[in-house]
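Q: Got a structure here, written out as structure tokens. Questions coming.
The values are calculated or read from the model by the stated rules, or taken from the named source; none is laboratory data. On a predicted model such as this, the values are computed, not experimentally measured, just so you know. As a convention, Cβ positions derive from the backbone with ideal geometry for all residues, glycine included, and neighbour counts pool all protein chains shown. Heads up: the accessible areas ignore ligands, DNA and RNA and are worked out on the full protein's heavy atoms, side chains in. Shrake-Rupley method; radii C 1.70, N 1.55, O 1.52, S 1.80 Å.
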Amino acid sequence: MSTMRRVLTVSMTLLAILVVALVVMLLLYRLAGMPPSAGQLPVAGLREPATIIRDQHGIAHVFAASPNEAFFTLGLLHAQERSWQMEMNRRIVGGRLAEVLGPAALGNDRFLRVLGVHRNAQRIWQGLDEGTRAALQAYVDGINAAIDEAAGRPWRLSPEFLLLGTRPVHWEPADAIGWATMMAWDLSGNHSAELLRLALLGKLDAARVTQLLDTDPPRPLPDPKALYASALSAAGEHPMPALAQHAYSLASAITQALPASGLDGLGSNSWLVDGARSASGKPLLANDPHLGLTAPSLWYFAHLSAPGLEVIGATLPGLPYVVVGRTPRIAWGFTNTLPDSQDLYLERIDPNDAGRYRTPDGWAEFVTRVETIGVKGAADVALTVRETRHGPVISDVLEQAGAAMAANQLNGYALSLAWTMLSPEDRTIRAGLRFNMAADVDSFVQALRDFRGPQQNILYADVDGTVGMIAAGGVPVRDAANVLQGRMPAPGWDAAYDWRGLLPFDELPQRRQSQDGMLLNANQRIVDEQYPHFIAGEWALPYRAERIAQRLRERPTHNVDSFASIQSDIGAPAVGELLPILLRTKTGSPRAAEALAMLRDWSATQEPAAPTLAIDRPEPLLAVAWIDRLRREIFEDETGELFALLERHRTRHHALQYALTRADHAAWCDDVRTPAAESCDDMLSRSLEATLDDLGRRYGADPQHWRWGDAHPAVSEHRPFSRHWLLARLFELRVPSGGDPSSINVARHNPWDTAEPFANRWAASLRAIYDLAEPENSLFIHSSGQSGHLLSPHYRDMSPLWTQNRYLPMVMNRQRIEREAAATLSLVPR
């Protein structure tokens, strides 16, 4: 026994020594790995001294001798604090992820090479004016100075570099321009709706597809068989009898091969009140962009101060300016307009020469190039990329595009993409630099003339009381003869479907006054029937917009606190709309009766139009899970493998509500896989039982112990370590969250994620409130922390504040900044 005791004692001692050694090593790595934040730092490439003052949360205040020196310093900060995020951003732009992540990233690289973002960015760079080029070059020089400073100190790099065995390399200006394009891609998704419609047409008729993916205003969808046949006949060819059916198959394959975009959670809220509705007599403005939650956050807060430049707010690592924020006089916020800025084209390939395709003027040569993709641990992959007069041939993203198209008898056709952002005329970078330095509202709006995209509803206000909104960005002009208006791929050889340029800036939707003392946008439709141009047909359903307007009208005047209360609202209008229908369900088991009783009792305590989806209650989980399952029971039988893709568009369309409430839509409730004719009442009962089965397996048999917050954490994902079960535990951020996609405090989950179907992965990536009576009282917060270094105290320190709807001060006053400083770093030229 004594021998065993000695062995146990020695073992425990050795284990304790190992644990202590590991803790000491991590502590030493953390101390050595953090970028310098105090003292003096000589920096190569810096022309004049600059000062960086950080507050207790790591928010950097940059004081520089010139705007370009400020941009240089911002680049330095981005590369120091977010080194791995910056490396991933650069690799995404260039389609070079597989070089460090291996074959799993090859699909993304193939798509990005086909899209040609980096090539287009190089063309944009060549066309920029001298002042913009100098500012962007200064920013990139700052990034590279930080990379060089860490070159001999690998312990200064984020752990991701060490774990993956790679090192950062220098940036070039095209990388930054390309990152702006990639942010636009994340907010531009109507190509996915076009592909989905075409794929669904392989299963359903046009009328039923329109019911699934309706538009606002409603428009019938043309029959693609007749459309394509007519276009071919007009071009002097005999229509291919099965062309439409083969096009459906191709659309389905490409839809499932492309990276995700255009998700219904990608939007934003922004609203303002003018002086008549604010307690101070001056405007208040709120903004919260809804994006995928990441660790670290997409955003990095910074204050840039130099002669001619005074701005604070949210920057994007990879871009040299504040995207949303304020100057001493002006504040602004963005929401996505959801414009139809993309069109797909079915291109006819010359049967006698595969290097040519049909145009309205005859056959034209594809522009081709060969891309070589490096793959870690595998051989390089050669990819032939083709471009047409419309844009890149995206059907080439399929792993074996030629074989796939031949198998579908589509070797005589290809699918190309037109997108407003794939143009060397894009000057969005210049717009950002200029509106950061705008002296007044007029110069701010003037700077937006260069803003190309994606189109944003930009709400703004100033200290003089001016308020306004403009939907700035590139919107294609489509011919009146274009019956598709961007709803599905068009015949590429028919000139009727070609764009006629972009809408002139002065004809974009805009106003310089409030309506009833307020302006607001939550991605809902912004134009009426009198507006002469087509912008979009798939707006967000107006749940959030109507809820914001309701909350604004509840008080005669507002202040910062009341705006914060609105931003924290987790009422769910979409649940409120369906709850009365759920409660009419006829139960077939005691547990179903118990679940209905729970929902009925809970409903009686809630605001009928928007029940609160609180984290500490079981009923929100039951209601949301049931609605998700009901959609699946009603639509999956008809849509098959496309159902998960249809779900991505669920808050832009009325399909479920109409199926349950309109007689002409009720046929959806019949399960076509069974001989019986099911009713919607049958689907309600069946989906409730299936929901209880699933929730019982996941969270236990007793519904009283279920909690929405447990099932619905806000998960900030890490690239790429969220894919590894152990590393995900270290690098991801998880906090409880309430609400749903229809809430003002938006929270979007993936019902098709079998592991965590209720995890909140798209939310308010940042929140900001601007007080134009006293701008120094303005507030902001984002979802993670300032640092991208796992061991930094600022990796996750904002996350608890974010989930509790708390804020940090948005301060520009230097005396206050110095008084509250946590660290001061002096940069000097080397």
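Q: Scan region 388-398 and tell me whether some residue there is open to solvent by less than 60 Å² (accessible area, probe 1.4 Å), of a type in the set (D, E, K, R), touching a residue at least 12 places away in the same chain (Cβ under 8 Å) and not in a helix (DSSP H, G or I).
A: Checked against the condition, which is being open to solvent by less than 60 Å² (accessible area, probe 1.4 Å), of a type in the set (D, E, K, R), touching a residue at least 12 places away in the same chain (Cβ under 8 Å) and not in a helix (DSSP H, G or I), region 388-398 yields no hits at all.
Q: Then there is this: Looking only at region 634-672, count every residue that is charged (D, E, K, R), touching a residue at least 24 places away in the same chain (Cβ under 8 Å) and not in a loop (DSSP other than H, G, I, E, B) and tell me the total.
A: Adding up the residues that qualify gives 4.
Q: Taking the options Gly116, Gly131, Gly102, Gly127, name whichever one is surrounded by fewer than 20 Cβ atoms within 10 Å (Cβ to Cβ), modelled with pLDDT of 95 or more and on the phi > 0 side of the Ramachandran plot.
A: None of the others qualify; the one that does is Gly102.
Q: Considering only residues that are under 24 Å from Val746 (Cβ atoms) and outside any helix (DSSP H, G or I), which ones fall in region 269-282?
A: Hits for region 269-282 are Asn269, Ser270, Trp271, Leu272, Val273.
Q: Considering only region 626-646, state which residues are open to solvent by 10 Å² or more (accessible area, probe 1.4 Å) and in contact with a Phe, Trp or Tyr (Cβ under 8 Å, 6 or more places away or on another chain). Quick ask: steps written out before the conclusion?
A: To start, the set of residues in region 626-646 that are open to solvent by 10 Å² or more (accessible area, probe 1.4 Å) comprises 627-629, 631-633, 636-638, 640-641, 643-646.
If the condition is that a residue be open to solvent by 10 Å² or more (accessible area, probe 1.4 Å) and in contact with a Phe, Trp or Tyr (Cβ under 8 Å, 6 or more places away or on another chain), then Arg632, Glu636, Glu638, Phe643, Ala644, Leu646 are the ones that fit.
Q: Output the residues belonging to region 343-373 that are closer than 20 Å to Ala229 by Cα and either open to solvent by less than 30 Å² (accessible area, probe 1.4 Å) or of a type in the set (Lys, Arg) (or both).
A: Going residue by residue through region 343-373, those that are closer than 20 Å to Ala229 by Cα are 343-351, 357-363.
Matches in region 343-373: Asp343, Leu344, Tyr345, Leu346, Glu347, Arg348, Ile349, Asp350, Tyr357, Arg358, Thr359, Gly362.
Q: Just to be sure, is Glu81 touching a His at 6+ places or on another chain (Cβ under 9 Å), acidic (Asp, Glu) and buried (at least 23 other Cβ atoms within 10 Å of the Cβ)?
A: Working: touching a His at 6+ places or on another chain (Cβ under 9 Å): yes; acidic (Asp, Glu): yes; buried (at least 23 other Cβ atoms within 10 Å of the Cβ): yes.
So Glu81 fits the description; yes.
Q: Output the residues belonging to region 477-521 that are surrounded by 15 or more Cβ atoms within 10 Å (Cβ to Cβ), part of a loop (DSSP other than H, G, I, E, B) and of a type in the set (Lys, Arg).
A: Arg487
Q: Tally the residues that are modelled with pLDDT of 95 or more, surrounded by fewer than 19 Cβ atoms within 10 Å (Cβ to Cβ) and of a type in the set (A, V, I, L, M), restricting the search to region 259-284.
A: Of the residues in that region, 2 qualify.
Q: Okay, moving on. Only one of these is charged (D, E, K, R), touching a strand residue (DSSP E or B) at 6+ places or on another chain (Cβ under 6 Å) and modelled with pLDDT of 95 or more: Arg512, Arg430, Arg500. Name it.
A: Only one candidate passes the filter, namely Arg500.
Q: Here's something else I'd like to know. Ile535 passes all but one of (1) hydrophobic (A, V, I, L, M, F, W, C); (2) open to solvent by less than 10 Å² (accessible area, probe 1.4 Å); (3) outside any loop (DSSP other than H, G, I, E, B); (4) farther than 26 Å from Arg767 by Cα; which number fails?
A: (3)
Q: Can you spot a residue in region 522-529 that is open to solvent by 40 Å² or more (accessible area, probe 1.4 Å) and without any contact (Cβ under 8 Å) to a residue 24 or more places away in the chain? It would help to see each step written out before you state the result.
A: In the first step, residues of region 522-529 are kept if they are open to solvent by 40 Å² or more (accessible area, probe 1.4 Å); the result is 525, 528-529.
Right, trim to without any contact (Cβ under 8 Å) to a residue 24 or more places away in the chain and you get 528.
Taking every residue of region 522-529 in turn, at least one turns out to be open to solvent by 40 Å² or more (accessible area, probe 1.4 Å) and without any contact (Cβ under 8 Å) to a residue 24 or more places away in the chain.
Q: Related question: Could you pull out the residue among Gly318, Gly313 that is at positive phi, of a type outside the set (Lys, Arg) and either touching a Leu at 6+ places or on another chain (Cβ under 7 Å) or not in a strand (DSSP E or B) (or both)?
A: Working: Gly313 fails: either touching a Leu at 6+ places or on another chain (Cβ under 7 Å) or not in a strand (DSSP E or B) (or both).
Just a single option satisfies the conditions, and that option is Gly318.
Q: Can I ask one more? Search region 572-595 for residues being surrounded by 17 or more Cβ atoms within 10 Å (Cβ to Cβ) and free of Cβ contacts under 8 Å to residues at least 60 places away in the same chain, and hand back the single one that is farthest from Pro736 (Cα to Cα).
A: The qualifying residue farthest from Pro736 (Cα to Cα) is Leu579.
Q: I've got another one for you. Kindly establish whether Ala184 is in contact with an Asp or Glu (Cβ under 7 Å, 6 or more places away or on another chain) and closer than 26 Å to Glu538 by Cα. Show your work before the answer.
A: On the way: in contact with an Asp or Glu (Cβ under 7 Å, 6 or more places away or on another chain): no; closer than 26 Å to Glu538 by Cα: yes.
No: the conditions fail for Ala184.
Q: Let me ask something else. When both residues are 6+ apart or on different chains and their Cβ atoms are under 6 Å apart, which pairs have a first residue that lies in region 32-52 and is under 15 Å from Val62 (Cβ atoms), and a second that is in a strand (DSSP E or B) and open to solvent by 30 Å² or more (accessible area, probe 1.4 Å)?
A: Note: pairs meeting the criteria are Leu46/Pro829; Pro49/Val828; Thr51/Ser826.
Q: Can you pull out every residue in region 452-462 that is assigned to a loop (DSSP other than H, G, I, E, B) and in contact with a strand residue (DSSP E or B) (Cβ under 8 Å, 6 or more places away or on another chain)?
A: Passing the criteria: Pro454, Gln455.
Q: Give region 321-331 a look and list any residue that's assigned to a strand (DSSP E or B) and β-branched (Val, Ile, Thr), or say none.
A: First, the residues of region 321-331 that are assigned to a strand (DSSP E or B): 322-326, 330-331.
Of everything in region 321-331, those that are assigned to a strand (DSSP E or B) and β-branched (Val, Ile, Thr) turn out to be Val322, Val323, Val324, Ile330.
Q: Starting from region 440-456, take each residue that is within 10 Å of Ala184 (Cβ to Cβ) and list its partners that are charged (D, E, K, R) and at pLDDT 95 or above, counting only C-beta distances under 7 angstrom and pairs at least six apart or across chains.
A: Arg452/Asp426; Arg452/Arg427
Q: Taking the conditions exactly as written (in a helix (DSSP H, G or I), of a type outside the set (A, V, I, L, M), open to solvent by 20 Å² or more (accessible area, probe 1.4 Å) and farther than 25 Å from Leu727 by Cβ), does Gly107 satisfy them or not?
A: No; evaluated as a whole, the condition is false for this residue.
Q: Scan region 183-194 and give yes if some residue there is open to solvent by less than 20 Å² (accessible area, probe 1.4 Å) and over 28 Å from Met88 (Cβ atoms), otherwise no.
A: yes
Q: Could you list, in sequence order, all residues of region 430-461 that are charged (D, E, K, R) and either open to solvent by less than 10 Å² (accessible area, probe 1.4 Å) or in contact with a Gly (Cβ under 6 Å, 6 or more places away or on another chain) (or both)?
A: Answer for region 430-461, where residues must be charged (D, E, K, R) and either open to solvent by less than 10 Å² (accessible area, probe 1.4 Å) or in contact with a Gly (Cβ under 6 Å, 6 or more places away or on another chain) (or both): just Arg452.
Q: Moving to a separate point now. Looking only at region 196-226, how many residues end up being buried (at least 21 other Cβ atoms within 10 Å of the Cβ) and either in contact with a strand residue (DSSP E or B) (Cβ under 7 Å, 6 or more places away or on another chain) or part of a loop (DSSP other than H, G, I, E, B) (or both)?
A: Adding up the residues that qualify gives 3.
Q: So which residues in region 713-749 are over 30 Å from Leu163 (Cβ atoms) and of a type outside the set (D, E, K, R)?
A: Passing the criteria: Gly738, Gly739, Pro741, Ser742, Ser743, Ile744, Asn745, Val746, Ala747.
Q: What do you reckon, is Ala597 within 29 Å of the chain's Cα centre (by Cα) and small (Gly, Ala, Ser)? Show your work before the answer.
A: On the way: within 29 Å of the chain's Cα centre (by Cα): no; small (Gly, Ala, Ser): yes.
Answer is no for this residue.
Q: Here's another thing I want to ask about it. In the set Tyr770, Tyr699, which member is open to solvent by less than 10 Å² (accessible area, probe 1.4 Å), among the hydroxyl-bearing types (Ser, Thr, Tyr) and at pLDDT 95 or above?
A: Tyr770
Q: On the basis of being modelled with pLDDT of 95 or more and under 18 Å from Arg748 (Cβ atoms), does Arg632 make the cut?
A: Spelling it out, Arg632 is indeed modelled with pLDDT of 95 or more and under 18 Å from Arg748 (Cβ atoms).
Q: Where the second residue is among the β-branched types (Val, Ile, Thr) and part of a helix (DSSP H, G or I) and the first is farther than 15 Å from Arg430 by Cβ and open to solvent by less than 10 Å² (accessible area, probe 1.4 Å) and lies in region 135-147, which pairs have Cβ atoms under 7 Å and are six or more apart or on separate chains?
A: Short answer, once both residue conditions are applied: Gly142/Thr73.
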